[in-house]
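Asker: Shown below is the structure under consideration.
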C-alpha cells in the first residue's frame with residue numbers, strides 16, 4: 001500500500017535542493033491514482049514501461065509489427081465471408097470488407113488493451129511486490145503500446161479505403177476524439193479488471209470470453225441501424241458503439257455523422273474511466289500483499 | 001531544515017493470516033460473502049478495522065529516528081519484521097497504523113534484478129531497471145558507461161538478457177543498483193549474489209556508498225557484513241525494536257538472545273522460523289569432545305561428535321548441520337543427504353542422529369550449530385542456534401592451534417615441504 005500524503009513543509013520539487021518530506025501512513029479513500037504530482041514524479045518510469053511494452057510486444061516473432069495488421073485483416077476476411085457473403089448481413093451499401101475493417105481497427109485496439117491490460121499487474125507481480133511506483137502505469141503502459149499498433153493498422157485501413165476509391169472527408173479529423181473514447185473505456189475497464197485479477201485469478205478465464213461477447217454486442221459485423229429506436233441510441237451506452245460507428249463515418253466519409261451515439265458513448269466511457277480508476281485507486285495500496 | 005532522514009511514530013503493519021482463503025479465494029466465495037453481508041448476517045469487517053486472532057503484526061509500534069548520513073543495520077531473527085519494515089519504508093506496502101516521514105529521495109534494493117525483462121537487451125534493461133529503481137533518464141545516460149564497466153558485460157550489451165548466464169545478469173543488476181544515487185538507500189540481502197570476486201567488489205561498492213554520507217538502511221543475515229558497514233544497529237524482535245545503539249552492542253545483544261534461547265529446553269523453543277512437519281521434534285543438540293578426555297572441553301584438532309536427539313524415530317531421516325561463527329557467518333555445512341560409504345544407518349541408534357568429526361578443524365572461538373531435520377522429502381524441524389560451543393586451543397597434526405596471527409575460523413590439516 002503506497003501512501004502518499006505530501007506534506008506542506010518540503011514543497012520543493014524532488015530535483016530541487018531541499019528534499020521533500022513524504023509521509024507514509026494508512027490511507028483511506030481515493031488518493032493515489034488521482035495524484036497528478038505523484039504521476040509526474042514518476043514520468044520517466046512511465047515512459048520506460050510504455051517503451052518496454054512496445055519493444056517487447058513483437059520481439060522474437062517472425063512477422064513483428066505486421067501482427068498489428070494481420071489480426072483485424074484476418075477477422076475482416078472471415079467476417080466478409082460468413083456475415084457479408086453467406087449470411088448477407090447488410091452493410092449500409094458499403095463494401096462489406098471495408099465496413100467491417102473500419103470497425104475492426106478500433107475494436108482490436110480496445111480488445112487487446114483489455115486482454116493484456118487486465119493481466120498486467122499479475123504478469124508484473126515481481127515488480128509490484130518489490131518496487132514502489134504508481135501501479136496504474138502497468139495497464140496504462142499496455143494501452144500506450146496498443147496505440148502504436150492502432151497507428152499501424154490505421155495506416156493500412158486508410159490505404160485500403162483509398163484503393164476502394166473513397167476519399168476521406170473532414171470527418172477524418174474526428175478520429176483523435178474517437179480514439180480517446182476507446183482509450184478511456186479500455187483504461188477504465190482494464191484497470192479495474194487488473195485490480196480484481198490480483199485477488200481473483202478468475203478474471204483471466206472470464207476476459208477472453210467476455211471480449212467475444214462484447215464483440216457481438218458492438219456493431220462490428222452488423223450496422224447499428226439494424227436496431228430500432230430507442231434501442232439503437234441506448235446501445236451506445238456500450239462505449240464501443242459510438243467508437244465503431246464513428247470510425248466508419250470518419251474513415252469512409254459516408255453516411256451521416258452518428259453524433260448522438262458518439263456523445264452517449266463518450267459520456268459512458270468517462271463514467272467507466274472514473275469508476276475504474278477509482279476502484280483501482282482504492283485497492284492499489286494492498287496489491288503487494290496479495291499478488 | 002532538520003537533517004532527519006527517516007522518522008517513524010508507532011509504525012505498525014498487520015497481515016491477515018489464512019491469506020489463501022481470503023486473498024486467493026475465488027470470485028464465487030467473494031460473491032457469496034458479499035451476499036451474506038448484504039443480507040446483514042455477518043458484520044462487514046473491513047480488513048483495516050478487523051481485529052481478530054488470525055492477524056499477524058509483522059511490525060508494531062515502531063518509533064525511531066534515523067538522521068541523514070547514518071548507516072543503520074537491521075538485525076533480528078527470520079520473521080522479526082526486518083523485511084516488512086523495508087517494504088513499508090520503500091512504499092511497496094502501506095503501514096496499517098502509525099506513520100513514517102521520509103525526507104529525501106529513496107531508493108530500494110530489495111532484490112537484485114527485479115524488473116529485468118528477458119526479451120530486452122542489456123542496454124535496454126539498464127534504462128528500464130534504472131528508472132524502476134528511481135533514476136532519471138538523464139542520470140542513467142550519464143552513468144551508463146560506468147554501469148557497463150562495473151558489470152563487465154561490454155560485449156553483450158545488445159544481447160537479450162535471457163541469453164545471459166545467471167552470473168552476468170546478477171552482475172548487471174547489481175551494477176545498475178549500485179549506481180543509484182538516492183539520498184536514502186534501503187538494502188535487503190543483496191550481497192549474497194554472484195561469485196566470490198564479485199561479492200567482494202559489491203561489498204567494496206557498498207562501503208563506498210556508506211562512506212559517501214548517504215543514509216543507508218541495511219538488512220542482512222550476515223552479521224560480519226553488517227558490523228563492517230554499519231555504525232548503528234536496530235534489533236527487531238516480533239516487529240518491535242528491542243535494542244537500538246552502536247552496531248557492536250546491538251549485535252552482542254542479538255547473539256545474547258540467541259544464546260539465552262539455546263539455554264531453554266529445545267522442545268519449548270517457539271522461534272518464528274521454526275517450521276516443519278513436526279512428525280519428529282529436535283529434543284537436544286550437543287557437540288562433545290570424543291578423544292576420551294572431558295567431553296565438555298572442546299579442543300581444536302580433537303575428534304568430536306555432534307548429537308541430535310529427536311522425539312520420534314522417522315524412516316529415511318536426514319540431517320543437515322550448519323556451524324556458524326560468533327557473527328553468524330556459516331563456517332561449514334554437514335549434510336547427511338550427500339552420503340558416503342563411511343555413513344551408516346544403525347537400527348540401534350534410536351531417535352538420534354550422530355555426526356562424527358575425526359579432527360575438529362575450528363580455530364578457538366565461539367560457534368553455534370543450526371540444525372535441519374528432514375524426512376520423506378519434508379523438513380520436519382529446524383532450529384537456528386540449537387547449540388553453542390566454545391573451542392579451546394589445541395594441536396592439529398602436531399602443530400599448535402591457533403597459529404600466531406591466525407585469521408578466519410578454520411584450520412586445515414596440512415604438511416609443508418620446504419628447501420633444506
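Asker: Given the protein assembly as shown, what whole percent of its Cα pairs are spread farther than 45 Å?
Answerer: In whole percent, the share of Cα-Cα pairs in the protein assembly as shown beyond 45 Å is 38.
Asker: How large is the convex hull of the C-alpha atoms of region A:61-121 per residue, in Å³? Walk me through the intermediate numbers first.
Answerer: On the way: hull volume 5.9 nm³, N = 61.
Convex hull of Cα atoms, per residue: 97 Å³.
Asker: Fully extended, how many nm does the chain gain between residue B:166 and residue B:138 (0.36 nm per residue separation, minus their Cα-Cα distance)? Numbers along the way, then the final one.
Answerer: On the way: separation 28, 0.36 × 28 = 10.08 nm, distance 2.82 nm.
Taking residue B:166 through residue B:138 to full extension adds about 7.3 nm, to one decimal.
Asker: Then there is this: Spin-label point model (7 Å from Cα, Cβ direction): what's the residue A:209 to residue A:271 distance in nm?
Answerer: Output for this residue pair reads 2.6 nm.
Asker: Taking each residue in A:124-137, count the Cβ atoms of any other chain within 10 Å of its Cβ, then average. What number comes out? Don't jump to the answer; show the numbers that get you there.
Answerer: Numbers: counts 2, 0, 5, 6, 2, 6, 12, 14, 11, 7, 0, 0, 0, 0.
Neighbouring Cβ atoms belonging to other protein chains average 5 per residue here.
Asker: Output needed for region A:33-290: three equivalent-ellipsoid semi-axes, defined as square roots of 5 times the C-alpha gyration tensor eigenvalues, in descending order, whole Å. List each step's numbers first, then the result.
Answerer: Working: eigenvalues 213, 77, 58 Å².
Computed over region A:33-290, the values are 33, 20, 17 Å.
Asker: For chain A, what does -39500 (n - 2.57) per DSSP helix run (n ≥ 4), summed and divided by total residues, give at 222 nm, in deg cm²/dmol to the nearest 500? Can you show the working numbers first?
Answerer: Numbers: 13 runs with 181 residues, N = 291.
Rounded to the nearest 500, the figure is -20000 deg cm²/dmol.
Asker: For region B:348-376 and region B:199-247, what is the centre-to-centre distance using only Cα atoms, to the nearest Å?
Answerer: What the calculation gives is 31 Å, centre to centre.
Asker: By how many nm would the segment from residue B:407 to residue B:305 lengthen if fully extended, with 0.36 nm per residue of separation less the alpha-carbon distance?
Answerer: Details: separation 102, 0.36 × 102 = 36.72 nm, distance 2.48 nm.
That pair, residue B:407 and residue B:305, stretches by 34.2 nm at full extension.
Asker: Please report the antiparallel percentage of DSSP beta bridges with both residues in the protein assembly as shown, rounded to the nearest 5. Before the final figure, lay out the partial values.
Answerer: On the way: 68 of 87 bridges.
Approximately 80 percent, going by the DSSP bridge assignments.
Asker: Based on the Cβ-Cβ distance from residue B:145 to residue B:417, what FRET efficiency comes out when R0 is 41 Å, to the nearest 0.05?
Answerer: Working: r = 49 Å, r/R0 = 1.19.
Step by step, r from the Cβ atoms, then E = 0.25.
Asker: Report relative contact order for chain B in percent, whole number only (criteria: Cα-Cα under 8 Å, sequence separation at least 6).
Answerer: Averaging sequence separation for qualifying contacts and normalising by length gives 14 percent for chain B.
Asker: Can you pull the semi-axes for region B:268-401, root of five times each eigenvalue of the Cα gyration tensor, sorted largest first, whole Å? Working shown, then result.
Answerer: On the way: eigenvalues 136, 59, 32 Å².
In descending order, the three semi-axes are 26, 17, 13 Å.
Asker: Turning to a different aspect of this structure: Pairs of alpha-carbon atoms within less than 8 angstrom and 6+ residues apart define the contacts here; what relative contact order does region B:268-401 have, in percent?
Answerer: On the way: 300 pairs, mean separation 44.7, N = 134.
Relative contact order of region B:268-401: 33 percent.
Asker: Tell me, what is a quarter of the convex hull surface for the C-alpha atoms of region A:66-195, in nm² with one decimal? Mind dumping the intermediate values first?
Answerer: Numbers: hull surface 36.6 nm².
So the Cα hull casts an average projection of 9.2 nm².
Asker: Using a Förster distance of 60 angstrom, determine the FRET efficiency expected from the C-beta separation of residue A:257 and residue B:63, and round it to 0.05.
Answerer: Details: r = 64 Å, r/R0 = 1.07.
E(calc), rounded to 0.05, equals 0.40.
Asker: Does region A:224-285 come out rounded, prolate or oblate by the C-alpha gyration tensor, with a ≥ b ≥ c the root eigenvalues, rounded set by a/c under 1.5 and, if not, prolate when a/b is larger than b/c and oblate if not? The partial results should precede the final answer.
Answerer: Working: a/c = 3.79, a/b = 2.18, b/c = 1.74.
In terms of gyration-tensor shape, prolate.
Asker: What order do you get for B:3-9, B:70-76, B:199-205 when each peptide is scored by the mean count of other beta carbon atoms within 10 Å, highest first? Can you show the working numbers first?
Answerer: Details: B:3-9: 19.3, B:70-76: 24.9, B:199-205: 15.9.
Going from most to least packed, we get B:70-76, B:3-9, B:199-205.
Asker: Follow-up. I want to verify the translational diffusion coefficient of region B:324-420 in µm²/s; compute it with Stokes-Einstein, Rh as the Kirkwood radius over Cα pairs, at 10 °C and 1.306 mPa s.
Answerer: On the way: Rh = 16.2 Å.
Using the Kirkwood radius from Cα pairs, D works out to 98 µm²/s.
Asker: Estimate the FRET efficiency between residue B:78 and residue A:177 by the formula 1/(1 + (r/R0)^6), using the beta-carbon distance for r and 45 Å for R0, to the nearest 0.05. Provide the component values of the computation, followed by the final result.
Answerer: Details: r = 56 Å, r/R0 = 1.25.
With a Förster radius of 45 Å, E is 0.20.
Asker: Just to confirm the number: angle between the C-alpha axis of helix A:239-252 and the first principal axis of chain A, 0 to 90 degrees, nearest 10?
Answerer: Between the helix axis and the principal axis of chain A, the angle is about 50 degrees.
Asker: Run the simple label-point estimate for residue B:334 and residue B:228 please: 7 Å along Cα→C-beta, distance reported in nm.
Answerer: With each label placed 7 Å out from Cα toward Cβ, I get 2.8 nm.
Asker: Percent antiparallel among DSSP beta bridges with both residues in chain B, to the nearest 5? Write down the numbers at each step before the final one.
Answerer: Working: 62 of 81 bridges.
The answer is about 75 percent antiparallel.
Asker: When each pair of different Cα atoms in region A:205-245 is counted once in the 1/r mean, what is the Kirkwood radius in angstroms, to one decimal? Provide the component values of the computation, followed by the final result.
Answerer: On the way: mean 1/r = 0.0941 Å⁻¹.
It is 10.6 Å.
Asker: I'd like the distance between the alpha-carbon centres of region A:64-110 and region B:92-149, rounded to an integer number of Å.
Answerer: 43 Å
Asker: Give me the angle, in degrees from 0 to 90, between the Cα long axis of helix B:137-151 and the longest principal axis of the Cα atoms of chain B, rounded to the nearest 10.
Answerer: For B:137-151 against chain B, the angle is about 20 degrees.
Asker: Using Cα pairs under 8 angstrom and six or more residues apart, how large is the relative contact order of chain A, in percent? Numbers along the way, then the final one.
Answerer: Details: 396 pairs, mean separation 72.5, N = 291.
That works out to 25 percent.
Asker: For chain B, just say rounded, prolate or oblate: build the C-alpha gyration tensor, square-root its eigenvalues into a ≥ b ≥ c, call rounded for a/c under 1.5, and beyond that prolate if a/b exceeds b/c, oblate if not.
Answerer: Working: a/c = 1.76, a/b = 1.26, b/c = 1.40.
Cα axes put chain B in the oblate bin.
Asker: In nm, give the distance between the simple-model label positions of residue A:155 and residue B:252, each being 7 Å from the Cα along the Cα-to-Cβ direction.
Answerer: 7.2 nm
Asker: For residue B:199 and residue B:267, compute 0.36 nm times the residue count separating them, minus their Cα-Cα distance, and round to one decimal in nm. All intermediate terms of the calculation are to be shown ahead of the outcome.
Answerer: Details: separation 68, 0.36 × 68 = 24.48 nm, distance 3.78 nm.
The span from residue B:199 to residue B:267 would gain 20.7 nm if fully extended.
Asker: Pairing the Cα long axis of helix A:96-117 with the longest principal axis of chain A, what angle in degrees results, from 0 to 90 and rounded to the nearest 10?
Answerer: Value to nearest ten degrees: 20.
No value in this document is a laboratory result; all are computed from the given coordinates. On a predicted model such as this, the values are computed, not experimentally measured, just so you know. Cβ atoms come from the backbone with ideal geometry, glycine included; neighbour counts cover every protein chain shown.
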